[in-house]
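The values are calculated or read from the model by the stated rules, or taken from the named source; none is laboratory data. What you see is a predicted model, and the numbers here were worked out from it, not measured in a lab. Glycine gets a Cβ as well: all are built from the backbone with ideal geometry, and neighbour counts include every protein chain shown. SASA here: full protein model, heavy atoms, side chains in, ligands and nucleic acids out. Shrake-Rupley method; radii C 1.70, N 1.55, O 1.52, S 1.80 Å.
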Amino acid sequence: MSAAERMAALMDRTLETTRLETGQFAFDFRIVDLAARLREAAAAFGPGAEHTLVVDVPDEPVPCWADGDRIAEVVENLLSNAVKYSPDGGEVRLRLERRRE
């Protein structure tokens with residue numbers, strides 16, 4: 001069952017990539033709280049016993065014009081790669097900060 005679920009998820013990602021490349025991918029842009037989305041993605045991720053996940057995200061909302069689901073996907077992918085390519089026992093840090101430039 002889990003192998004079938006992984007295969008279905010892979011097919012969904014492949015179809016989404018194809019839609020994105022052909023300009024047929026529908027984004028759902030709106031004002032989202034970026035801080036909340038990052039905290040949710042980190043909570044859902046759970047890197048495991050080999051790594052410590054440190055989430056350094058502001059408590060106050062950080063409004064952002066984005067597709068909240070795509071942002072969560074990107075963050076989960078980045079966290080997955082950080083865990084995959086970090087030595088065991090290493091720290092993975094997710095940090096969001098505001099800058100005025």
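A crude spin-label estimate for the pair LEU10 and THR52, with each label 7 Å from Cα along the Cβ direction, gives 3.5 nm.
When the chain is treated as a Gaussian network with alpha carbon springs shorter than 10 Å, the biggest mean-square fluctuation among ALA44, ALA36, ALA72 belongs to ALA44.
Taking 8 Å as the Cα distance limit and 6 or more residues as the minimum spacing, I'd like the relative contact order of the chain as a percentage. Once divided by the residue count of the chain, the mean separation gives 32 percent.
When a/c reaches 1.5 or more, the comparison of a/b and b/c decides; with that in mind, is region 19-75 rounded, prolate or oblate per its Cα gyration tensor? Oblate shape, in that a/c is at least 1.5 and b/c is the bigger or equal ratio. For the chain, with all protein chains in place and a probe radius of 1.4 Å, 53% of the accessible heavy-atom surface sits on carbon or sulfur.
The H on the amide N of HIS51, modeled in the peptide plane, is under 5 Å from the matching H of GLY89, each at least 5 residues off or on a different chain. For LEU94, the residues whose modelled amide H falls within less than 5 Å of its own, excluding neighbours fewer than 5 places apart on the same chain, are VAL54, VAL55, ASP56. Computed from backbone phi, the HN-Hα couplings of region 27-34 come to 8, 10, 6, 6, 6, 10, 7, 4 Hz, rounded to whole numbers (Karplus: 6.51 cos²θ - 1.76 cosθ + 1.60, θ = phi - 60°; Gly and Pro given as x).
Only helical runs count toward this figure. For the chain, summing -39,500 (n - 2.57) over DSSP H runs of n ≥ 4 and dividing by all residues gives -16000 deg cm²/dmol at 222 nm. In the context of the full protein assembly, ARG70 retains an accessible surface of approximately 60 Å², using a probe radius of 1.4 Å and ignoring ligands and nucleic acids. DSSP assigns beta bridges within the chain; of those with both partners inside it, close to 45 percent run antiparallel.
The calculated FRET efficiency for ASP88 paired with THR17, based on their beta-carbon distance and R0 = 35 Å, is about 0.70. Probing with 1.4 Å while keeping every protein chain in the model, the per residue accessible area of region 1-79 equals 69 Å².
A viscosity of 1.306 mPa s and a temperature of 10 °C, combined with the Kirkwood radius over Cα pairs in Stokes-Einstein, give a translational diffusion coefficient for the chain of 103 µm²/s.
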